[in-house]
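The values are calculated or read from the model by the stated rules, or taken from the named source; none is laboratory data. None of these values were measured; they are calculated from a predicted model. Ideal geometry is used to build each Cβ from the backbone, glycine not excepted, and the neighbour counts take in all protein chains shown. With ligands, DNA and RNA removed, areas are computed over all heavy atoms of the protein, side chains included. Shrake-Rupley method; radii C 1.70, N 1.55, O 1.52, S 1.80 Å.
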Amino acid sequence: MFDFAVVGAGISGSATAYELAKRGHSVVLIDQYGPASMASGWTLAGVRQSGRHPAELPLAKAAVAIWQTLSEELDGQTHYRQVGNLRCARNAAEAQRIEAIVAEHGAAGLEMHLLEGKDVQELAPLVSPDVLCASFCPSDGHADPQATVHSFVEAGKRLGVEVRFGETVTGLEVTSGKASGVRTKDGVIAASQVVLAAGIHANELIQPFGYRVPYEVMSATMMRSVAMPAREMPVIGVANGDTTLRQEAHGQFRIGGGHEVWDGQLDLDPWPQVRPRASSVLELIERYSALVPALADVKLDRLWCGLIDQTVDALPVLDVLPEAGGVVLATGFSGHGFCLGPVTGQILADLAEGKAPALPIAPFRMSRFADGGTGSTVELHG
């Protein structure tokens, strides 16, 4: 029997498995495909504090502090770059929103600057001169999603984490009211505690116990260019989050934006692939070409969609579920959970050990949905 079974090898699950193993526990990490095979691999991989809901901001600040030395800690690549985050206003309404973001985050103690006119191009020459103004958070940045998750997995394995990839969890095992493992298509994996970080599949595993996280699965169109000469440039986005781009460590531009309700179609070749609609691709190309004209004729290397488990309030669930044997649940990150991964791993490890996390997580409890919850527009995701 393992001390802990962690379901889902995205950044949240991989970081949790690593953290639990670091604390001396025996851990098994299970994923029906493999590391970063879905949301964590599809993301833009922004590491940002700006644009956050106030409830997430303490977690994001703590996460950014960890990202500074994460590569050294894991003895693996993350390709983290603290190059800042530039959010642009394309019209008067967006300018008003950008000004509000700068004021809100400044009041919360986050360094933010409002740039206007030519100051925007001085910071990011590629940005269109039509941009009215922009917010700039110098402590934001980005990382490589695949490399980071694989580094967490490999660091965990060196500490004794056993990985079961290509094995689908079909249910939770609960004995005498307490979690006792998980069922897979290959049998039962016994564990004294279970952590679910299964993304859009979480509800399938908790529904038999009367739980359901109210989220809608959205798809965000993503694309990547061929490699181009490297530039030291910030992550570039817009006020409502419908267009975001940044340059990867090896020169490719990773571009994403907009989201629509997922049609449920997913291909395996051999890992999951969600294909974008041609109209969504065209719309994103038009938006990023207007924002960064120099990329209008860039050659594209790959197109895909990322799936977003968007809760009704655009906040995640980080909680213990008593009716499901006390399993620990992490889901509903609403498209902005990658940055939080290192801190999410610590929080979930604390919950799994029966400890109170050092960071405030009351806003992320399941009980907030008891009255039906309230809607919130997802802004600046990624």
So what is the relative contact order for the chain, in percent, with contacts set as C-alpha pairs under 8 Å and at least six apart?
24 percent
What FRET efficiency do you get for ASN91 and ARG158 if R0 is 56 Å and r is their Cβ-Cβ distance, rounded to the nearest 0.05?
0.65
Could you work out how far apart the two model spin labels at GLN68 and ALA107 are, taking each label as a point 7 Å from the Cα in the direction of the beta carbon, and quote it in nm?
2.8 nm
Roughly how many whole Å is it from the C-alpha centroid of the stretch 218-269 to that of the stretch 48-73?
21 Å
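Stretched out fully, how many nm does the piece from ALA100 to SER192 gain, at 0.36 nm a residue minus the Cα gap?
Working it through step by step, the gained length comes to 28.4 nm.
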In order over the stretch 84-89: 3J(HN,Hα) from phi, Karplus 6.51/-1.76/1.60, θ = phi - 60°, whole Hz, x for each Gly or Pro, gives x, 10, 10, 10, 9, 10
Projected-area average for the chain over all orientations - Cα convex hull basis, square nanometres
17.8 nm²
Taking 0.36 nm per residue of sequence separation and subtracting the Cα-Cα distance, how much length would be gained by fully extending the chain between THR175 and LYS299, in nm to one decimal?
39.1 nm
Given a Förster radius of 22 Å and the C-beta distance between SER289 and ALA227 as r, what FRET efficiency does 1/(1 + (r/R0)^6) yield to the nearest 0.05?
0.70
Label 7 Å along Cα→Cβ of GLU323; the stretch 170-205 residues with amide nitrogen under 20 Å?
171-181, 194-198, 201-205
For the peptides 266-275, 40-49, 89-98, what is the packing order when you average, over each peptide's residues, the other Cβ atoms within 10 Å and list the highest mean first?
40-49, 89-98, 266-275
Between ASP119 and GLU204, what's the calculated FRET efficiency when r is the beta-carbon distance and R0 is 51 Å? Round to 0.05.
0.55
Spin-label point model (7 Å from Cα, Cβ direction): what's the TRP271 to HIS250 distance in nm?
1.3 nm
What do you get when you divide the Cα radius of gyration of the stretch 227-288 by 2.2 N^0.38 Å, with N the number of residues?
1.32
What accessible area per residue, rounded to a whole number of Å², is obtained for the stretch 83-130 using a probe radius of 1.4 Å?
51 Å²
At a Cα cut-off below 30 Å, give the lysines reachable from LYS185, other chains included and same-chain residues fewer than 8 away excluded.
LYS22, LYS157
Per residue, how much accessible area does the stretch 315-371 show when a 1.4 Å probe rolls over the protein heavy atoms, in square angstrom?
32 Å²
Accessible-area composition of the chain, carbon plus sulfur, in percent [1.4 Å probe]:
51 percent
What accessible area per residue comes out for the stretch 198-288, rounded to a whole number of Å², with a 1.4 Å probe?
44 Å²
